[in-house]
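The values are calculated or read from the model by the stated rules, or taken from the named source; none is laboratory data. Small disclaimer: the values here were computed from a predicted structure and weren't measured. Here the Cβ positions follow ideal geometry from the backbone for every residue, glycine too, while neighbour counts run over all protein chains shown. Ligands, DNA and RNA are excluded from the accessible area calculation, which covers all protein heavy atoms including side chains. Shrake-Rupley method; radii C 1.70, N 1.55, O 1.52, S 1.80 Å.
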Amino acid sequence: MGLIMATIRLATARDYDAVVQIVNAAYEKYIARIGRKPMPMLADYAELIARETVHVLEHDAAVCGLVVLYCEDAHVLLENIAVAPNAQGKGIGKRLMQFVEEFTRAQGRNEIRLYTHEKMVENIEIYKHLGYVETERRQENGFRRVFMAKQLA
């Protein structure tokens, strides 16, 4: 899959079904591991789309990945990144993470923060590989979270 043809744009109401399907498919494998649905599966995507916090990656006219981003005081919070399972391993997650950096710079910020469940160890390793540093671990909303941050040059 050549991502030259990929488009990343704000999600619209017509993307709702695809967004929910991708999130559920991407996170369902973690339910048994953490003992409940991960937080991204519980979010109100109609509201998040309406608030313009969801960006989708479209390839060949299909939504196959997304990020949920919030501009905070001095940083951007990457609350969720999800790639459709049938599109994983094709560079979509990497392209979305590049977009997060581009978005952060465009918002005049130089730090990205994120969190993930401590049992999502493969995600923690991916974030470390991408230059994120663990800042703390704590219980929040009933989840054991690992908080990470990346400073942009």
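Yes/no per residue for (1) modelled with pLDDT under 95; (2) of a type in the set (Phe, Trp, Tyr); (3) surrounded by fewer than 12 Cβ atoms within 10 Å (Cβ to Cβ):
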{"residue": "5", "(1), (2), (3)": "yes, no, yes"}
{"residue": "17", "(1), (2), (3)": "no, no, yes"}
{"residue": "23", "(1), (2), (3)": "no, no, no"}
{"residue": "35", "(1), (2), (3)": "yes, no, yes"}
{"residue": "51", "(1), (2), (3)": "no, no, yes"}
{"residue": "60", "(1), (2), (3)": "yes, no, yes"}
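On the given criteria, is residue 11 crowded, with 17+ Cβ neighbours inside 10 Å, under 15 Å from residue 120 (Cα atoms) and small (Gly, Ala, Ser)? It would help to see each step written out before you state the result.
Working: crowded, with 17+ Cβ neighbours inside 10 Å: yes; under 15 Å from residue 120 (Cα atoms): no; small (Gly, Ala, Ser): yes.
No, not satisfied.
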Breaking point among (1) touching a Lys or Arg at 6+ places or on another chain (Cβ under 6 Å); (2) on the phi > 0 side of the Ramachandran plot, for residue 35:
(1)
Enumeration of residues in region 97-133 that are within 25 Å of residue 52 (Cβ to Cβ) and in contact (Cβ under 8 Å) with a residue 60 or more places away in the chain:
99
Does residue 80 qualify as being open to solvent by less than 10 Å² (accessible area, probe 1.4 Å), touching a helix residue (DSSP H, G or I) at 6+ places or on another chain (Cβ under 8 Å) and polar (S, T, N, Q)?
yes
Residues of region 122-133 satisfying the condition of being at pLDDT 95 or above and either in contact with a Gly (Cβ under 6 Å, 6 or more places away or on another chain) or open to solvent by less than 50 Å² (accessible area, probe 1.4 Å) (or both):
124, 127, 131, 132
Within region 83-121, take every residue that is farther than 17 Å from residue 133 by Cα and within 9 Å of the chain's Cα centre (by Cα) and give me the one that is surrounded by the fewest Cβ atoms within 10 Å (Cβ to Cβ).
93
May I ask you to say which residue of 75, 55 is of a type outside the set (Asp, Glu), under 16 Å from the mean Cα position of the chain (by Cα) and closer than 16 Å to residue 94 by Cβ?
55
Count of region 134-152 residues which are free of Cβ contacts under 8 Å to residues at least 12 places away in the same chain and either open to solvent by 90 Å² or more (accessible area, probe 1.4 Å) or basic (Lys, Arg) (or both)
2
Is at least one residue of region 62-75 over 24 Å from residue 18 (Cα atoms) and of a type in the set (Ser, Thr, Tyr)?
no
Please go through region 1-36 and give me each residue that is outside any helix (DSSP H, G or I), farther than 16 Å from residue 63 by Cβ and among the small types (Gly, Ala, Ser), ordered by number.
2, 35
Members of region 62-77 found to be farther than 22 Å from residue 139 by Cβ and at pLDDT below 95, listed by number
62, 73, 74
Go through the residues of region 57-65 one by one and say whether even a single one is acidic (Asp, Glu), in contact (Cβ under 8 Å) with a residue 24 or more places away in the chain and closer than 18 Å to residue 107 by Cβ.
no
